[in-house]
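*Asks:* One structure, as C-alpha cells, below. Some questions next.
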Amino acid sequence: MSTSTVRLPITSHHPLAPVVGGELMAPLIDGGVARYVNLDYAASAPALEQVNQYVQTVLPYYASVHRGAGYASQISTSLYENARTLVRRFVGAREDDAVIFTRNTTDSLNLLAGCLPQDGDVLYLDLEHHANLLPWQKLPHRSVVAADTIEGTLPALERELVDGTVSLLAVTGASNVTGEVLPVARLAALAHQYGARIVVDAAQLAPHRRLDIGSDGIDYVAFSGHKLYAPYGAGVLVGRADWLDTGLPHLAGGGAVKTVRLESVSWTTGPARHEGGSPNVIGAAAIAHAAQVITGLDEQRWQAHESELRAALVAGLDELPQVRVHRIFSDSVDSIGVVNFSVQGYDAGLVAAYLSAEFGVGLRDGKFCAHPLLTRLGLPSGSLRASFGLGSRHDDVERLLSGLAHLLDNGLGRDYVVDAGRWVPAVETRTFPDWAPNTPGTAGAAPCTTD
C-alpha cells in the first residue's frame with residue numbers, strides 16, 4: 001500500500017482532560033499554521049487546566065510556611081502539609097511513610113542515595129534513566145544487563161540478590177525509552193525475599209497507572225510534578241522513614257534543624273530533615289492537586305484512552321516501510337503511552353526537525369538519558385520517541401503518521417542543516433514570540449544535548 005494512505009480507526013477524538021496549551025497554534029515552514037501536536041509528554045507534560053486554575057486560586061495566599069503567624073502564612077502552611085496527605089493517598093503509602101517534597105525525581109533519588117546504610121550494595125538494571133543510575137554509582141553497586149524478556153530478567157536479578165549483600169534494588173516502573181511496564185510487585189517480593197529494599201522510579205509510571213506502594217510492597221517511590229501535569233518545580237520521595245531519619249540531611253539549612261551552635265548542629269527527623277530552606281509551596285500544592293485529579297479519573301476510560309492511542313500509533317508505524325518500533329522485552333504485556341522508533345536512512349534529529357517545521361509535531365529525539373540502554377539496543381546515535389497522555393487525541397496520531405508517510409513518499413520539503421548541535425531548516429521562515437530568547441535561527445542558541 002502507498003505510505004500516504006495510512007489511516008487508522010481511532011475513536012479517541014477528544015482529550016481525556018484539557019491541558020494548558022492544548023490549542024496552541026504553531027507556525028509551519030511553508031508560512032501556514034497548525035495546531036501544535038505535543039507528543040513529548042514523557043519529557044514534561046503540560047499542566048492540566050484544573051491544576052492551572054487551582055494554582056491561580058491559591059497563589060494570592062502564598063507566603064512563608066512553618067514560621068509565620070500571619071493569615072497567609074497559616075494558609076500556606078496548611079496547604080503545604082495537606083499536600084503530603086494527598087500525595088500519600090495518591091501512592092497508597094503506609095501511614096508511617098515519610099512524604100518529602102523535592103525538586104524532581106533526580107533530586108529524590110539523590111536524596112535517598114545519601115540515606116542508605118553503609119553495608120550492602122545497590123542493584124540496578126541497565127535500562128534505567130540516568131536519574132536512577134548515576135546516584136548509585138557513588139555507592140557500592142552492581143548492575144545487571146536485562147534479558148530480552150521480563151521472565152529472563154528476574155532470574156538474573158535473583159542471582160545478584162541471593163547472597164544477601166544487596167541493600168537496595170533500584171528499578172523503573174516503566175521505561176522512559178519504550179514505555180514498557182515492569183512487574184514492580186514481583187520485583188518487590190524478590191528483593192524482600194533476600195533482605196533488600198526496593199525503590200521505584202515512577203517518573204513515567206505515576207502519570208499513567210494507579211500506584212499502591214503499600215499493597216505492592218514498595219519501600220520507596222519517586223516521581224516528578226513536571227511529568228504529572230504539574231510543571232511547577234516539585235518532585236516527591238515517599239517511603240520508609242528509618243533510613244531517611246538517619247541519613248545526612250539532603251539540604252543543610254533552616255527548617256532542617258533542632259538546635260544550631262556555631263560549630264555544630266542537631267538535625268531534626270521527619271520530612272523537614274531533608275527540606276532545608278523555604279519550600280516550594282506552590283509546586284507541592286500543584287503536584288498534590290494533579291494527584292487528586294488523576295485519582296478522580298474513571299480508570300477504565302483512562303486506560304482505554306491511552307491504550308487505544310498507543311496501539312493505533314504502533315500499528316500505523318508498523319505499516320510504514322523503513323520505520324522500526326523498538327522494545328526491550330519480547331514478553332512485555334503492558335506499556336504506557338510511550339513509543340520508540342527510528343526511520344531507516346534518516347537521522348533521528350533530522351526527522352524530529354522536519355516533523356516540527358513541516359507538520360507542527362513535537363516529539364523527542366536522542367538518547368533519552370538512557371545511554372547504556374540505547375547502546376545495547378543498537379541505537380548509539382539515538383532514536384525517536386512519541387509520548388502522549390491525558391491531553392492527547394485522535395488527530396495527534398494521524399498527524400504524526402501523515403508526516404512520516406509524506407517523508408517516505410516525497411522526502412524532505414526543505415533543506416536542513418545542523419546548527420549548534422541540532423537540525424534546523426537551512427532557511428528559517430517561521431516566526432517566534434518576541435519574548436522567547438534563543439529560538440531557532442537566533443544567535444547564542446544553547447548546544448544540543450543527547451538526553
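The values are calculated or read from the model by the stated rules, or taken from the named source; none is laboratory data. Everything numeric here is computed off the predicted structure, so don't read it as measured data. Don't worry about glycine lacking a Cβ; one is built from the backbone with ideal geometry, like all the others, and counts go over all protein chains shown.
*Asks:* Do you know which residues across the stretch 293-318 are basic (Lys, Arg) and within 21 Å of the chain's Cα centre (by Cα)? Show your work before the answer.
*Replies:* So the first thing to find is which residues in the stretch 293-318 are basic (Lys, Arg), and the list is 301, 310.
The answer is 310, and nothing else.
*Asks:* Which numbered condition in (1) part of a loop (DSSP other than H, G, I, E, B); (2) surrounded by fewer than 21 Cβ atoms within 10 Å (Cβ to Cβ); (3) touching a helix residue (DSSP H, G or I) at 6+ places or on another chain (Cβ under 9 Å) is the only one that residue 369 fails?
*Replies:* Of (1) part of a loop (DSSP other than H, G, I, E, B); (2) surrounded by fewer than 21 Cβ atoms within 10 Å (Cβ to Cβ); (3) touching a helix residue (DSSP H, G or I) at 6+ places or on another chain (Cβ under 9 Å), only one is false for residue 369: (2).
*Asks:* Taking the options 385, 364, name whichever one is modelled with pLDDT of 95 or more, among the charged types (D, E, K, R) and under 26 Å from residue 149 (Cβ atoms).
*Replies:* On the way: 364 fails: under 26 Å from residue 149 (Cβ atoms).
Checking each option against the conditions leaves just 385.
*Asks:* Might you check whether a residue that is over 21 Å from the mean Cα position of the chain (by Cα), farther than 24 Å from residue 415 by Cα, of a type outside the set (Ser, Thr, Tyr) and in the same structural domain as residue 34 (by TED's automatic domain parsing) occurs anywhere in the stretch 361-378?
*Replies:* yes
*Asks:* Please enumerate the residues belonging to the stretch 295-319 that are in a helix (DSSP H, G or I) and of a type in the set (Asp, Glu).
*Replies:* 299, 306, 308, 318, 319
*Asks:* Please determine, by comparing only the residues of the stretch 254-274 that are assigned to a loop (DSSP other than H, G, I, E, B) and not charged (D, E, K, R), which one is surrounded by the fewest Cβ atoms within 10 Å (Cβ to Cβ).
*Replies:* Taking the stretch 254-274 and keeping what is assigned to a loop (DSSP other than H, G, I, E, B), we get 254-256, 261-264, 268-270.
The next check asks that each one be not charged (D, E, K, R); those that pass are 254-256, 262, 264, 268-270.
Working: 254: 12, 255: 19, 256: 22, 262: 5, 264: 7, 268: 18, 269: 14, 270: 14.
Looking at the filtered set, the residue picked out is 262.
*Asks:* What residue, of 145, 99, 87, 166, is touching an Asp or Glu at 6+ places or on another chain (Cβ under 6 Å), farther than 16 Å from residue 198 by Cα and not assigned by TED's automatic domain parsing to the domain that holds residue 369?
*Replies:* Working: 99 fails: touching an Asp or Glu at 6+ places or on another chain (Cβ under 6 Å); 87 fails: touching an Asp or Glu at 6+ places or on another chain (Cβ under 6 Å); 166 fails: farther than 16 Å from residue 198 by Cα.
After ruling out the rest, the residue left standing is 145.
*Asks:* Could you name every one of the strands (runs of 3 or more DSSP E) located completely within the stretch 41-150 that has at least 3 residues being surrounded by 20 or more Cβ atoms within 10 Å (Cβ to Cβ)?
*Replies:* 98-102, 121-125
*Asks:* Where residues in the stretch 170-179 are part of a strand (DSSP E or B) and of a type in the set (Val, Ile, Thr), which of them is farthest from the chain's Cα centre (by Cα)? Don't jump to the end; show me each part of the working.
*Replies:* Here is the first cut: in the stretch 170-179, the ones part of a strand (DSSP E or B) are 170-172, 174.
Then drop every residue that is not of a type in the set (Val, Ile, Thr), which leaves 171-172.
Numbers: 171: 14, 172: 11 Å.
It comes out as 171.
*Asks:* From 197, 210, which residue is more than 19 Å from the chain's Cα centre (by Cα) and outside the structural domain of residue 369 (by TED's automatic domain parsing)?
*Replies:* Numbers: 210 fails: more than 19 Å from the chain's Cα centre (by Cα).
Sole residue among the options that is more than 19 Å from the chain's Cα centre (by Cα) and outside the structural domain of residue 369 (by TED's automatic domain parsing): 197.
*Asks:* Restricting attention to the stretch 11-32, and to residues there that are surrounded by 13 or more Cβ atoms within 10 Å (Cβ to Cβ) and of a type in the set (Val, Ile, Thr), which single residue is farthest from residue 308 (Cα to Cα)?
*Replies:* Per the stated criteria, the residue is 29.
*Asks:* Looking only at the stretch 276-294, decide whether some residue is farther than 28 Å from residue 398 by Cα, in contact with a Pro (Cβ under 9 Å, 6 or more places away or on another chain) and not in a helix (DSSP H, G or I).
*Replies:* Checked against the condition, which is being farther than 28 Å from residue 398 by Cα, in contact with a Pro (Cβ under 9 Å, 6 or more places away or on another chain) and not in a helix (DSSP H, G or I), the stretch 276-294 yields at least one hit.
*Asks:* Ok, one more. So which of 357, 352 is buried (at least 21 other Cβ atoms within 10 Å of the Cβ), outside any strand (DSSP E or B), over 20 Å from the mean Cα position of the chain (by Cα) and of a type in the set (Gly, Ala, Ser)? I'd like the intermediate steps shown before the answer.
*Replies:* Numbers: 352 fails: over 20 Å from the mean Cα position of the chain (by Cα).
On inspection, the qualifying residue turns out to be 357.
*Asks:* Something else now. With the requirement that a residue be surrounded by fewer than 22 Cβ atoms within 10 Å (Cβ to Cβ) and within 20 Å of residue 399 (Cα to Cα), what does the stretch 318-343 give you?
*Replies:* From the stretch 318-343, those surrounded by fewer than 22 Cβ atoms within 10 Å (Cβ to Cβ) are 318-322, 324-327, 329-335, 343; that's our starting set.
Correct list: 318, 319, 320, 321, 322, 324, 325, 343.
*Asks:* Something else about it: Of the residues in the stretch 415-436, how many are closer than 15 Å to residue 26 by Cβ and out of contact with any helix residue (DSSP H, G or I) (no Cβ under 8 Å at 6 or more places or on another chain)?
*Replies:* 6
*Asks:* Please name all residue pairs, on different chains or six or more residues apart, with Cβ atoms under 7 Å, provided the first residue is in the stretch 329-345 and is within 16 Å of residue 377 (Cα to Cα) and aliphatic (A, V, I, L, M) and the second residue is at pLDDT 95 or above and part of a loop (DSSP other than H, G, I, E, B).
*Replies:* Final answer for the pair search is 339/179; 343/322.
*Asks:* Right, next: Go through the residues of the stretch 208-221 one by one and say whether even a single one is of a type in the set (Lys, Arg) and closer than 30 Å to residue 38 by Cα. Give the steps one after another, and end with the answer.
*Replies:* Initially, the stretch 208-221 is screened for residues of a type in the set (Lys, Arg), giving 209-210.
Among the residues that remain, those that are also closer than 30 Å to residue 38 by Cα are: 209-210.
Checked the stretch 208-221: at least one residue is of a type in the set (Lys, Arg) and closer than 30 Å to residue 38 by Cα.
*Asks:* Being of a type in the set (D, E, K, R) and free of Cβ contacts under 8 Å to residues at least 60 places away in the same chain is the filter; apply it to the stretch 257-316 and report the residue that is farthest from residue 78 (Cα to Cα).
*Replies:* In this case the residue turns out to be 263.
So that you can scan it fast, the table gives a plain yes or no per residue for (1) in the same structural domain as residue 403 (by TED's automatic domain parsing); (2) within 30 Å of residue 107 (Cβ to Cβ); (3) in contact with a Cys (Cβ under 6 Å, 6 or more places away or on another chain):
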| residue | (1), (2), (3) |
| --- | --- |
| 280 | no, yes, no |
| 288 | no, yes, no |
| 291 | no, yes, no |
| 304 | yes, no, no |
| 307 | yes, no, no |
| 315 | yes, no, no |
| 318 | yes, no, no |
| 329 | yes, yes, no |
| 337 | yes, yes, no |
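*Asks:* Still on this structure, please answer the following. Can you tell me which residues in the stretch 194-238 are on the phi > 0 side of the Ramachandran plot and in contact with a strand residue (DSSP E or B) (Cβ under 9 Å, 6 or more places away or on another chain)? Lay out the reasoning, then the answer.
*Replies:* Of all residues in the stretch 194-238, those on the phi > 0 side of the Ramachandran plot come to 195, 217, 229, 233.
Selection gives 195, 217, 229.
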